[in-house]
Each structure stands twice: as C-alpha cells, then as structure tokens.
2 protein chains.
Amino acid sequence: MSALPIDDFYCVIPAGGVGSRLWPLSRADAPKFLHDLTGSGTTLLRATWDRLAPLAGPQRVMVVTGRAHRAAVEAQIPALADENVVLESEPRDSTAAIGLAAAILEHRHPGVIIGSFAADHVIGNIPLFRAAVVEAVNAARAGYIATVGITPTEPAVGFGYIHVGTPLGIDDAASAKQVLSFVEKPDLKTARKYLHSGDYLWNASMFIAKASVLLEEIGRSNPELLAGLLELAAAWDDPATRGPAVDRIWPTLKKVALDYSVAEPAAAAGKLAVVPGHFSWDDVGDFASLTKLNSGGRATDLAILGENARVLSDASSGIVVSQTGRVISLIGIQNVVIVDTPDALLVTTSENAQRVKSVVEALRLTGSTEVL
Amino acid sequence: MSALPIDDFYCVIPAGGVGSRLWPLSRADAPKFLHDLTGSGTTLLRATWDRLAPLAGPQRVMVVTGRAHRAAVEAQIPALADENVVLESEPRDSTAAIGLAAAILEHRHPGVIIGSFAADHVIGNIPLFRAAVVEAVNAARAGYIATVGITPTEPAVGFGYIHVGTPLGIDDAASAKQVLSFVEKPDLKTARKYLHSGDYLWNASMFIAKASVLLEEIGRSNPELLAGLLELAAAWDDPATRGPAVDRIWPTLKKVALDYSVAEPAAAAGKLAVVPGHFSWDDVGDFASLTKLNSGGRATDLAILGENARVLSDASSGIVVSQTGRVISLIGIQNVVIVDTPDALLVTTSENAQRVKSVVEALRLTGSTEVL
C-alpha cells in the first residue's frame, strides 16, 4: 500500500438523514450518525472520522451536515477544521451535499480527488477498507469514478447491488473492474442468484473520483444543479458572499440521490470502476440489521445496547436498546425489538423492522412531532 | 331479596397481597387492590367497597390491610370508620387476617355474621352478586359456613374449583347446596371435565359465616392460632393493650390460607354450603386475565389501560398498560403484554403471564428491590 495520507485526496462525509427506520433511537435532533450502534463507545460519525482521517490526513476530511447538527458534529470531532464543516440550511439529498463539497474542494484545490463515505455505516477490518480505498483512489487518478463494492456474505434484500464486469487493468488498482450497472434492492430469489453468481457486490455508497470528474457527471445529468453548485462554491469562502448565495441558491437545488445523478449514468457510459472490498460492512438500515450487528450472529441471543441498560431476560431473543435507567424485563418473547427512550417506546419484531418508518409517518400525521 | 342492609351482618375486606404476577403495575407500595384494572376510573378496593357497603351498611365494613397502606386505603374510602380499619404489622396470610376481623367483630357484637370478600377481584352484575350474598347470609344463619361459587364459563386452569353436592333445603337460601370438596387449580383436561359436568363452581374466596362458627373452625384445625386471635381481639379496643398484644402475638401466628384452615376441613365435615353466583367474576391473577378483562372478549384487539396512554398500534394485539405519558408504538406483535411504568418496563406475552412472578423473584435476588 502507498504511504498514508494519500496525496491530493480529500474525504467527504455527508452526515444527513434521520434514519427513520431506527426511530425512536434515531431522531431529527439525534440522527443515526450521532449514535453508538455497536456498543463500541464511539458514535458512527466518530468511527467514520477515525477510519478516514489517516487516509486523507485530519486536515482533509470535510463533513457536510445540517445546521442543527453543527455543535454535535464538532463535539464528536474536535479536530475538524472550521473550513471543512459545510452546513446545509435544509436537506437537499446526496447530489447537492456531495456535489457542493466537490465544488468547494475543486475551487480550493483544482485537480483534487475526493472520496465520499456515509457517516452512519459500520465497517470491520479497517486495513482492508483502507487498502480498497487506496486502489479506488488510483482508479480515480486514471479518470474513473470509482466505488468500493462489498463482497456479499448472504442474499441480502436490504441493499442495492453493483453488477461487476471485467478487470480494467489500471496501474496500482489491480482489482478494479468495470461496473456494468447499479441495481436496486432485489427480491430474495434475485438476491440469491446475485450471491451465487459471484458477479455482484453490495453498493456501499462510497464514491471516489476527481472532483472535476464527479462535477462533470452531475452536469451531464443535471446541468442546472451543477451551475448552482459551482456558483455556491465560488461564493463559499468569502463570508460576505456565502450567506446570500446559500439563501438564494440552496433551496432551488434539485433533490436527487447521487446513485441516480452520477452512479447509474456513469456506469452506463463505462466510466465507473469498482474495487471489491472484503471487509465487513453494514448500513444499519433498520432494527433487524442492528440486531444482527449486535448479536454476533447468534439468532437465539438477546442483544443489549445502552450504557446504563438494566435488562432481565427470561428465554427471550432479539435486541433491547435502552436509553433510560429503567429495569426492563422480558419473558418468553422472540426476535423482539425494544427501544426504550425517555419519551417514546417501540416494541416490534425483527420481521417488522422495515415498517418502523410507517410509524414515524403516522406520528407525523397525528401531530406527535415532538417525539420524532 | 330481603331489605338492605342485612341485619347483624359485617363485611370484611382483606386487602393484602402484592399481586406479583401483575408486576410492575402492582408493587409492594401500590398493590393490586389500589389500581384501576378495568378502566372504570375506580380502584379495585373502592369498587369492592361500593359493592359491599349497601349489603352491610357503610358503618359495618371492615378492612384488614398492611400498615403501609393505611393512608391509601383511607383515601380510597373516606367513609371507612376508624374502628373498622385493622392494620397488620406484617402479612400473616388470610386465616390470621380474616380470623382477627372475625374475633374483633364477635367480641364487639356477639352472634354477628361476617362475609369476607377479596379487595382485588372484579365482579359484574352487582344485583346478582348481592342476591347470592343474601342467600349465603341466610345459609350462615342456619349454621353453615357459606361460600359463593361462580358458575364457570370456560375451562379455566387459573382458579380453584368447588365440587357441588345436593341442595341443602335452607329457608331463604333455595339455591344453597352442599360443598363436597374444594379442589386446587386443575389441568386443562380436568378443567374441561369440570365445566361439562356442571357439578363444579369457581372458588372466589368469598366466605360468609357466623363469626363464632368461623372461629370455631379455625380452632379445630389450628388451636394455637385461634387462641392468639382471641387474645388479640380482647386487647384490640383498648389503646393501652392493643399495641403490646400485636407486638407480642401477631408475629407468632401461623401463616395459613383460609382455604386450608377452614374451607377444606369444613367441607369434609359437611359444614360448608355454596350458593351459585351467576355474575361475571375474575380475580385478575395475571396479565392474561387482565388482557381478557379489558379486551371485551376479542382476542385480536389491543387493550389499553392508563389515563394518559398514547399508544400507536399497527397490526398488534394484547394489552398495553401505560403509567407514563410516553408514546408507545407497537408493530406486528401479537398477544403482547407491555407494562410501562416510570422505573420499570415489562414486555412479555399472554402465554407467559404466569412467569412474571419469577421475574419478581429474580429482581429480589439481584437486589433490584427498589422496583418491586
């Protein structure tokens, strides 16, 4: 592996998204990335920083987050440079968030390579992660938009997949292959086919590219969005111009995920490379995922999250997330999901984990927004 | 029916027992009888008083309870006469509690008839209840120890049964029959046999007898216990003698249930009469019972208990008892029992309702006594 930190490389951490499927643990004012979901004692955001800072250098990690989370983000990452905190006045999806970071960094450091990594994923085996990123950066230097795809370990239906083609023969990126296409979350039958074929990787939303290449791709699919991002970037580093530019432009930017604005069209155009990652990875999308992550793979155990948890379990399995000091007693209840917070309690099962989002919608509709 | 109140008749309400199977709703400092378990707005104790006061007259209802519950009991029943509050320094089971009341009342009013009724049962159709008690009082006047047995509506395994014999032909107690025996909680097969035979009634722990007859029966099985009760009763109404007598005698009294000390031997001796009660009755022994009681018989519904309950249920059934103002969300969970209190949370299923008691034991053993 090349020496770290990598030259001319910036990491971008888009820290947005509430994680509705993890309600009431994840809230508007305490989103998923601000939680410790593995019992490690570290929030997901901080763990992401700890993974990335050695790759780019601590002065070259940028966080894009909502204004409301500024204080929490800075408390989690005291080393984060002021100029590397990009605050959104309102969420406008990942193309605007990552595109703005790309535009600002390209404006400051023409020719820079950026890597975007979600703030709220869980990754094991950091050396393998870093090795994959180093290869992806080398693919980016060769002009590709590179992603790191995760080698599937099961026929997951909760993730998108990357259909992998032939090796690209890039110098110092020996395992980089062509991306044939991105595919949406499959059904179980299709997921099994993907797993057995060996031709599919999980899409972990990691994108590594020259900022200029990423912006060019955004411009191809969304020229007005690109124009707005470039205008914002040009105004960004002058305190006199940033505020007015944000107020005028940000609310007009199209809301679109980077998967649609960049990844799919770039794959179709043959510009996308993928480096297989052999480390464990999870986007912790719901409580079923959280349960699995914390149960060490044993389906019969009860996982417990929470520093002050006082759980008494008799013949029960699943997960208890305790944010209160209350005694929690479970008797004879299987695959349960219990999230105990000071103002809201969720009781469901792993099988119903995907339906948590609908509860959040119902609470919004019934005006119980104070618990969202 | 004779005119109410009934002459020479006192009601006794033993208000003891924590109701461990209803933890964490029922606690040492807030036992079952101090709760509203039906959403009626009335505690079980108050509802018991409301049923009994017209039968005996409000000046002739005695409550036997623990010292710790004196204030709560008096708050529930402001009309309760001071002389009718009998405080136990520590619980010594039902023979001591009811026997002491019988001894005090016999000492004050020789020849009195007493009826003992649990403080924490739920009864429907009060006119039918009162009619049964009136018949039982008439059987007691004829010298019997009378009980009111409940006509079973299902093969319940959580109740004891009374094996009924032939009619006794007592004046003004036309439906009173001989009790052949008391039988313990049966298994399901036996319970079905009992139900179909028509010869069995549920034992609702209601005993109506001349106080002197009841005391005599206690003395037959437990002469030392009777001697202690008589000594206590003789000392009771003099403030100078009550305290020392209680301190000296009460802790020495044998702990034995009235079913064993009186009901079973009296039945064996042919002294026990039973009047069938055709009203609905439940001892609310556990959360399965509580669920049934509050679901109106519909097994697919979610019953909710708690004045300030904020429950959002999606395809769930069972019961939620809410003592906090927290939002409680349930998704796709069946026959669940959730009890949400400020310092303890229970999550189980109806099928495991009987095991709640073991949790209480475990909490005691692990030193978490502050939530018991």
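See the values below:
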{"item": "Dipole-positive endmost among B:Ile304, B:Ala266, B:Gly332 within chain B (Cβ charges, Cα centre)", "result": "B:Gly332"}
{"item": "Cβ-vector label at 7 Å, B:Gln334, separations to other copies in nm", "result": "1.2"}
{"item": "Length added when fully stretched, A:Asn308-A:Thr369, from 0.36 nm per residue minus Cα-Cα", "result": "19.3 nm"}
{"item": "Farthest positive-ward along the protein assembly as shown dipole, Cα basis, beta-carbon charges - from B:Ala227, B:Ala362, A:Ala156", "result": "A:Ala156"}
{"item": "Within 10 Å of each Cβ in A:361-368, the average number of Cβ atoms from other chains", "result": "2"}
{"item": "In order through the stretch B:193-207: 3J(HN,Hα) via Karplus (6.51 cos²θ - 1.76 cosθ + 1.60), integer Hz, x for Gly, Pro", "result": "4, 4, 4, 6, 5, x, 9, 10, 10, 6, 7, 9, 6, 9, 10"}
{"item": "Cα Rg, Dmax (largest Cα-Cα span) when computed across the stretch A:287-371, Å", "result": "13.1, 39"}
{"item": "Centre separation in Å (Cα based) which lies between the stretch A:243-261 and the stretch B:8-70", "result": "65 Å"}
{"item": "Chain B, relative contact order in percent, only Cα pairs under 8 angstrom and at least six apart counted", "result": "19 percent"}
{"item": "Label-to-label distance, nm, for residues given as A:Val85 and A:Lys254 (7 Å Cα→Cβ offset)", "result": "3.2 nm"}
{"item": "Added length on full extension, which subtracts the Cα-Cα distance from 0.36 nm per residue, B:Asp29 to B:Leu188", "result": "53.8 nm"}
{"item": "Per-peptide average of other Cβ atoms within 10 Å, ordering B:10-22, B:235-247 highest first", "result": "B:10-22, B:235-247"}
{"item": "Kirkwood Rh, Cα atoms: Rg over Rh of the stretch A:76-189", "result": "0.98"}
{"item": "Cut-off 11 Å between beta-carbons: net charge of the residues surrounding A:Ser358, Lys and Arg +1, Asp and Glu -1", "result": "+2"}
{"item": "Farthest positive-ward along chain B dipole, Cα basis, beta-carbon charges - from B:Tyr10, B:Ala75, B:Thr42", "result": "B:Thr42"}
{"item": "For the stretch A:276-289, 3J(HN,Hα) per residue [Karplus equation, 6.51 cos²θ - 1.76 cosθ + 1.60, θ = phi - 60°, Hz, x = Gly/Pro]", "result": "x, x, 9, 8, 6, 8, 8, 8, 6, x, 7, 6, 5, 5"}
{"item": "Per-selection Rg to Rh, the stretch A:315-364 - Cα, Kirkwood hydrodynamic radius", "result": "0.99"}
{"item": "Spin-label pair B:Asp8/A:Gln334, simplified geometry with 7 Å Cα→Cβ offset, distance in nm", "result": "6.2 nm"}
{"item": "Net charge dipole size for the stretch A:287-371 [Lys, Arg +1 and Asp, Glu -1 on Cβ; Debye, nearest 20]", "result": "160 debye"}
{"item": "Amide hydrogen neighbours beyond the local backbone of A:Val148, cut-off 5 Å, H modeled", "result": "A:Met206, A:Val275"}
{"item": "Over the stretch B:166-317, equivalent-ellipsoid semi-axes from the Cα gyration tensor in Å", "result": "38, 27, 14"}
{"item": "Within 10 Å of each Cβ in B:348-359, the average number of Cβ atoms from other chains", "result": "4"}
{"item": "Pairwise Lys count, the stretch A:9-282 - Cα closer than 26 Å, eight or more residues apart or different chains", "result": "18"}
{"item": "For A:Ile304, net neighbour charge (Lys/Arg +1, Asp/Glu -1) across residues whose Cβ lies under 12 Å away", "result": "-2"}
{"item": "Whole-angstrom gap from the stretch B:117-172 to the stretch A:330-344, using each part's C-alpha centre", "result": "42 Å"}
{"item": "Residue and distance (whole Å) for the chain B Cβ nearest the axis that superposes B on A", "result": "B:Val347, 3"}
{"item": "Alpha-carbon radius of gyration plus Dmax, which is the widest Cα pair, for the protein assembly as shown in Å", "result": "35.9, 109"}
{"item": "Shielding by partners - mean other protein chain Cβ count within 10 Å, residues of B:315-328", "result": "3"}
{"item": "Inter-copy spacing of A:Val183 label points, which lie 7 Å from Cα along Cα→Cβ, given in nm from shortest upward", "result": "6.5"}
{"item": "Value at 222 nm in deg cm²/dmol, rounded to 500, when DSSP H runs of n ≥ 4 in chain B each add -39,500 (n - 2.57)", "result": "-10000 deg cm²/dmol"}
{"item": "Modelled label reach - A:Ile126, point 7 Å along Cα→Cβ, the stretch A:263-281 residues with backbone N closer than 16 Å", "result": "A:279-281"}
{"item": "Shortest-first distances to equivalent copies, position A:Pro276, nm, label 7 Å out along Cβ", "result": "7.8"}
{"item": "Net +/- balance of residues flanking A:Ile123 in space, Cβ distance below 12 Å, scoring K and R +1, D and E -1", "result": "-2"}
{"item": "Given charges at beta-carbon only (K, R positive; D, E negative), |dipole| of the stretch A:1-107 in Debye", "result": "400 debye"}
{"item": "Magnitude of the charge dipole, chain A, Cβ model with Lys/Arg +1 and Asp/Glu -1, debye to 20", "result": "520 debye"}
{"item": "Over chain B, volume per residue of the alpha carbon convex hull, in Å³", "result": "137 Å³"}
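Quick note: the coordinates plus some simple rules give every number you see, no bench work behind them. Fair warning: this is a prediction, and the values are worked out from it, not measured in the lab. Every residue, glycine as well, gets a Cβ built from its backbone with ideal geometry; the counts of neighbours run over all protein chains shown.
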